[in-house]
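Here is the structure we will look at.
The values are calculated or read from the model by the stated rules, or taken from the named source; none is laboratory data. Here the structure is a predicted model, which is why all the values come from computation and not from measurement. We place every Cβ from the backbone using ideal geometry, glycine too, and count neighbours over all the protein chains shown.
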Amino acid sequence: MDETIAVFGASSSSRGDSAYVEGVECGALLARHGFAVATGGYGGTMEAVSEGARTAGGRVVGVTAPSVFPRRSGPNAHVTEEIPARSLIERIDLLVANAAGVIALHGSLGTAAELIVAWNVAFIQRFSDGSPKPIVAVGAPWRDLVPYLASTLETDPGVVAVVDSASEAVRVMVDRLG
């Protein structure tokens, strides 16, 4: 299995904090199960996931946006393949379109935007006779936000599985894609 899982998360996490540790674990578990990982390619949780996957021998794709982030000096050191995007919209589209599944770890507004785009793509997939990609959101913020959005926007909350840990998220991916 060389399917790619897109993993979204905070750019603000730092080595040693719980979000970073969870990112490393997520990347390593995905790689051990034969998945490649794709992230936004920069620091924080993106770097943590990349580090975990690379250390476990996995392929790491970084979809960067150099024109949006001109002060960043390129992808993190664990990225094995960089794909530059021209905009944030193109970056999210490339991550979602080229992934077999999506995991959203702890994050902020950017992570929420990525999760919502993936959710929307999966939601409308059923109208074109396709199977939606698995989407898993990890942690407390998503436990509140996903049901709220599903109810308020009248969409299907079952499209996004909400779990408590990275290991549970990987287990969902393995079960749904394995």
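If you scan segment 148-178, which residues turn out to be free of Cβ contacts under 8 Å to residues at least 12 places away in the same chain and touching a helix residue (DSSP H, G or I) at 6+ places or on another chain (Cβ under 8 Å)? Don't jump to the end; show me each part of the working.
Within segment 148-178, the subset free of Cβ contacts under 8 Å to residues at least 12 places away in the same chain is 148, 150-154, 157-158, 171, 175.
Selection gives A150, S151, P157.
Which one of these does A150 not meet: (1) assigned to a loop (DSSP other than H, G, I, E, B); (2) over 22 Å from G23 (Cα atoms); (3) in contact with an Asp or Glu (Cβ under 8 Å, 6 or more places away or on another chain)?
(1)
Restricting to segment 74-115, what's the tally of residues that are farther than 21 Å from S14 by Cα and part of a helix (DSSP H, G or I)?
12
For residues that are over 20 Å from Q125 (Cα atoms), at pLDDT 95 or above and of a type outside the set (S, T, Y), scanning just segment 144-174, find the one that is surrounded by the most Cβ atoms within 10 Å (Cβ to Cβ).
Per the criteria, the residue is A169.
Here is a yes/no grid of residues against (1) over 28 Å from P157 (Cβ atoms); (2) surrounded by 24 or more Cβ atoms within 10 Å (Cβ to Cβ); (3) of a type in the set (D, E, K, R); (4) in contact with a Cys (Cβ under 6 Å, 6 or more places away or on another chain):
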| residue | (1), (2), (3), (4) |
| --- | --- |
| H33 | no, no, no, no |
| A36 | yes, no, no, no |
| V49 | no, yes, no, yes |
| G57 | yes, no, no, no |
| G74 | yes, no, no, no |
| A77 | yes, no, no, no |
| R86 | yes, no, yes, no |
| A113 | no, no, no, no |
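What number of residues within segment 53-64 satisfy the criterion of being within 19 Å of Y20 (Cβ to Cβ), assigned to a loop (DSSP other than H, G, I, E, B) and out of contact with any helix residue (DSSP H, G or I) (no Cβ under 7 Å at 6 or more places or on another chain)? If you could, list the steps in order and put the result at the bottom.
Start the filter on segment 53-64 by keeping residues that are within 19 Å of Y20 (Cβ to Cβ), which leaves 53-56, 58, 60, 62.
So of that shortlist, the ones also assigned to a loop (DSSP other than H, G, I, E, B) come out as 56, 58.
Within this subset, residues satisfying the condition of being out of contact with any helix residue (DSSP H, G or I) (no Cβ under 7 Å at 6 or more places or on another chain) are none.
Qualifying residue count for the region: 0.
Return the pairs, sorted by first residue and then second, in which the second residue is assigned to a loop (DSSP other than H, G, I, E, B) and of a type in the set (A, V, I, L, M), the first residue lies in segment 81-105 and is farther than 22 Å from D164 by Cα, the beta carbons are less than 7 Å apart, and the residues are 6+ apart or on different chains.
A85/A65; S87/A65; S87/V68; L88/A65; L88/V68; R91/A65; R91/A85; L94/A85
Here is a list: R91, R86, R72. Which entry is within 20 Å of E47 (Cα to Cα) and over 17 Å from the mean Cα position of the chain (by Cα)? Don't jump to the end; show me each part of the working.
Working: R91 fails: over 17 Å from the mean Cα position of the chain (by Cα); R86 fails: within 20 Å of E47 (Cα to Cα).
Being within 20 Å of E47 (Cα to Cα) and over 17 Å from the mean Cα position of the chain (by Cα) holds for just one of R91, R86, R72, which is R72.
Condition test on A31, is it under 15 Å from M173 (Cα atoms) and either among the aromatic types (F, W, Y) or out of contact with any Ser or Thr (no Cβ under 7 Å at 6 or more places or on another chain) (or both)?
Against the criterion (under 15 Å from M173 (Cα atoms) and either among the aromatic types (F, W, Y) or out of contact with any Ser or Thr (no Cβ under 7 Å at 6 or more places or on another chain) (or both)), A31 qualifies.
Among the candidates S67, S50, single out the residue that is of a type in the set (G, A, S) and part of a helix (DSSP H, G or I). Quick ask: steps written out before the conclusion?
Details: S67 fails: part of a helix (DSSP H, G or I).
That would be S50, the only listed residue that is of a type in the set (G, A, S) and part of a helix (DSSP H, G or I).
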